Amino acid sequence: MIRFFETLHYEKTDRLLDYGCGFGRFYPFFGSRTDYYGIDISQSMIDECVRRFPENAGKFTVGEGEELPFADNSFDKIICFGVFDACYQESALSQMLRVCKEGGTILITGKNTRYHTNDEQAYIAEEAARGKGHPNYFTDVSDMEAQLKPYVTFKQRRYYAYRGDFANDRYTEVMPERFYEWALVLEKKQHVDVTFEKFADAYSDTWKAKTNEASMCDLG
């Protein structure tokens, strides 16, 4: 992930929002490079950030990602790494665009709704997350990109075919028909209020197809 972060240019004056900062795992990287702010829905996570990084205590905030407590055009950069799949994505993306400055950068990662049917690890992970009651939303990336196109410039596109490819930095920059994870770097063109049509679901298209296939076999 650090290799990916290093593909962006940072200024010390950049106001950067770590969207879903958790216990502050990225603060050691971004805190020395930018004017860092972190937000998370969990009070206990923010308390841990404050405990670990007291020098930045006033810039850690408890809040919902779908209703960010910041003014329009507040941040030069927004990092949403590994948390988009736990959000109501349409509202979350609209809020990120709202608080990002014109010409600012948003980095987002997530999981695609159409992954390979033979990616058993992805299927197992989807089932396991649902069994634990974890929020777990899958993105129709093609649809999302089409809706984003009027408002952003795509600076980077990375598509990871199978579960595990992200960790091993194996990706293509051309969207394939099927893939598991994705990462986008977006540059905001201009400030507009955006409401997105639904492009995410709690069940992947692959899971639905496999489940339907199994049901048909049972009926046969």
ask   = Just a yes or no: is a residue in the range 117-132 in contact with an Asp or Glu (Cβ under 7 Å, 6 or more places away or on another chain) and in contact (Cβ under 8 Å) with a residue 40 or more places away in the chain?
value = no
key: Total residues in the range 29-50, condition hydrophobic (A, V, I, L, M, F, W, C) and either without any contact (Cβ under 8 Å) to a residue 12 or more places away in the chain or within 17 Å of E11 (Cα to Cα) (or both)   = 3
Residue list for the range 83-133, filter: more than 19 Å from the chain's Cα centre (by Cα) and in a helix (DSSP H, G or I) = E120, Q121, Y123, I124, E127, A128, G131
task = Considering every residue within the range 20-39, establish whether at least one is under 24 Å from M144 (Cα atoms), in a loop (DSSP other than H, G, I, E, B), in contact with a Cys (Cβ under 7 Å, 6 or more places away or on another chain) and at pLDDT below 95.
result = no
query = Pick from E90, E67, E55: which is among the charged types (D, E, K, R), surrounded by fewer than 17 Cβ atoms within 10 Å (Cβ to Cβ) and either closer than 24 Å to L148 by Cβ or in contact with a helix residue (DSSP H, G or I) (Cβ under 7 Å, 6 or more places away or on another chain) (or both)?
reply = E67
query = Is it true that some residue in the range 58-69 is hydroxyl-bearing (S, T, Y) and either within 15 Å of the chain's Cα centre (by Cα) or assigned to a loop (DSSP other than H, G, I, E, B) (or both)?
reply = no
key: Pair list, Cβ under 8 Å, 6 or more apart: the range 134-147 residue assigned to a strand (DSSP E or B), other residue surrounded by fewer than 18 Cβ atoms within 10 Å (Cβ to Cβ)   = F138/D201; F138/A202; F138/Y203; F138/D205
inquiry  = Whether any residue in the range 155-167 is out of contact with any Cys (no Cβ under 7 Å at 6 or more places or on another chain), surrounded by fewer than 18 Cβ atoms within 10 Å (Cβ to Cβ) and acidic (D, E) is what I want to check.
reply    = no
request  = Tell me, please, whether a residue that is closer than 19 Å to T206 by Cβ, of a type in the set (A, V, I, L, M) and either at pLDDT 95 or above or crowded, with 20+ Cβ neighbours inside 10 Å (or both) can be found in the range 134-148.
outcome  = yes
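The values are calculated or read from the model by the stated rules, or taken from the named source; none is laboratory data. Here the structure is a predicted model, which means the values were calculated and not measured. Cβ atoms come from the backbone with ideal geometry, glycine included; neighbour counts cover every protein chain shown.
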